[in-house]
Amino acid sequence: MTSSPVVARERVPVRTILATIGLVLATVALLWVVIEVRRVLTWIVIAAFFAVALRPVVDRVQRRFVHRRSLATLLVFLVVLIALAALVTAFVVPLTREGTQLAGQLPQLIEDARAGRGPIGSLLDRTNALEWVQQNQDRIRSFATGLTTPAAGVLRGVATGLAGTVTVFVLAYLMVLEAPQIVQGSMAVIPPEQEERVRRVGSDCARSVTGYISGNLLISLICGGLTYGVLKALGVPFAGLISLFVAIADLIPLVGATLGAVVAAIAAFIHSVPAGIVVVVFFIVYQQLENHLLQPLILSRTVRLNPLTVLVSILIGVELAGILGALLAIPVAGIIQVIARDLWDNRRGRPKATPTVGEDEQPPEPSSPSSQVTAST
């Protein structure tokens with residue numbers, strides 16, 4: 001009998017083991033740093049989206065009016081700041097007035113609700129909710145008392161929000177100001193044969209982000225303004241507060257407009273049944289106009305996504321970053337679609353000379369055999 005030869009095991013070098021351990025530790029440390037600074041990273045991402053949206057405006061102002069990049073950037077951001085201040089003032093003034101009225105009417109509203117009088121009291125009486133409220137007054141009072149306890153947490157959240165807003169504004173300003181240097185430095189590390197392709201894809205991604213952000217803001221302003229006009233005409237109280245909520249909710253894709261419509265309809269029904277019916281009809285008509293007229297007209301320059309892609313991207317964005325993820329899900333999905341189209345076009349051998357953004361452009365058709373023979377000849 002012959003014994004089988006013993007195969008000697010090759011020993012793993014100590015250097016390889018140490019390098020593997022080092023990579024694992026570095027990955028863990030990087031993840032820990034990302035988790036610790038996730039708030040700052042969120043601010044940077046928001047600032048980057050705003051910078052991408054405002055850079056074309058700054059470039060146009062620099063070409064046509066002023067030649068200094070710093071002056072053009074300052075002018076554009078001043079205009080944006082003034083527009084935001086005017087918008088906030090337009091909403092804050094009626095909100096402050098209506099909030100003061102609500103604070104003055106709140107004791108009487110509570111008393112009427114307990115006695116079954118007024119619109120809220122009659123609604124509670126019809127739905128048999130008044131009896132439940134009267135039976136659970138102690139529990140409701142303790143819950144309301146608990147809401148006023150974390151005042152320090154609310155103030156801390158307000159301070160963090162203000163600091164985040166200022167930080168995002170400053171970061172976006174610096175990103176737009178240094179955009180040419182950032183692009184030039186990024187192109188320096190790319191091979192020359194790939195530079196034109198990267199510029200084309202980057203231009204497509206920037207156009208999709210710019211078109212989506214500006215178009216979505218414009219549609220939300222239109223929705224909030226029309227809602228305010230309808231509620232004010234019907235005499236629904238706190239029309240400014242409700243229309244502001246509708247405008248902000250309309251920024252959220254798919255579910256935002258429906259959420260705002262539900263809140264506005266409930267407020268209108270509490271005021272009166274005819275007002276509620278008119279508000280419901282208004283939102284049904286407006287949704288049709290927004291879906292078939294405003295969105296195709298305003299968002300025609302953005303990457304068009306099918307409803308399944310929109311829904312999946314929103315669900316993933318909400319799971320990862322909450323409301324912020326829902327707001328940024330569609331532009332991020334548009335960027336991914338632009339990059340995927342470019343990879344597909346180059347894989348087929350005929351990259352497109354025109355941008356892939358827009359509803360008129362189509363992926364290139366594969367070259368015919370005759371053209372291939374002619375090209376080879």
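The values are calculated or read from the model by the stated rules, or taken from the named source; none is laboratory data. None of these values were measured; they are calculated from a predicted model. A quick note on method: Cβ atoms are made from the backbone with ideal geometry, for glycine too, and the neighbour counts reach across all protein chains shown.
Below is a table of values for the structure above.
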{"quantity": "Of the criteria (1) modelled with pLDDT under 85; (2) β-branched (Val, Ile, Thr); (3) part of a helix (DSSP H, G or I), which one VAL12 fails", "calculated": "(3)"}
{"quantity": "Spans of helices (runs of 4 or more DSSP H) in region 120-213 with at least 1 residues within 20 Å of ARG60 (Cβ to Cβ) and at pLDDT 60 or above", "calculated": "151-177, 179-188"}
{"quantity": "Flag if CYS223 is surrounded by 14 or more Cβ atoms within 10 Å (Cβ to Cβ) and farther than 20 Å from GLN337 by Cβ", "calculated": "yes"}
{"quantity": "Condition check for VAL280: among the aliphatic types (A, V, I, L, M), closer than 22 Å to ALA264 by Cα and surrounded by 14 or more Cβ atoms within 10 Å (Cβ to Cβ)", "calculated": "yes"}
{"quantity": "Residue list for region 333-356, restricted to those being modelled with pLDDT of 85 or more and in contact with a Phe, Trp or Tyr (Cβ under 9 Å, 6 or more places away or on another chain)", "calculated": "none"}
{"quantity": "Residue ranges of helices (runs of 4 or more DSSP H) in region 214-319 with at least 2 members closer than 24 Å to LEU54 by Cα", "calculated": "239-249, 295-298"}
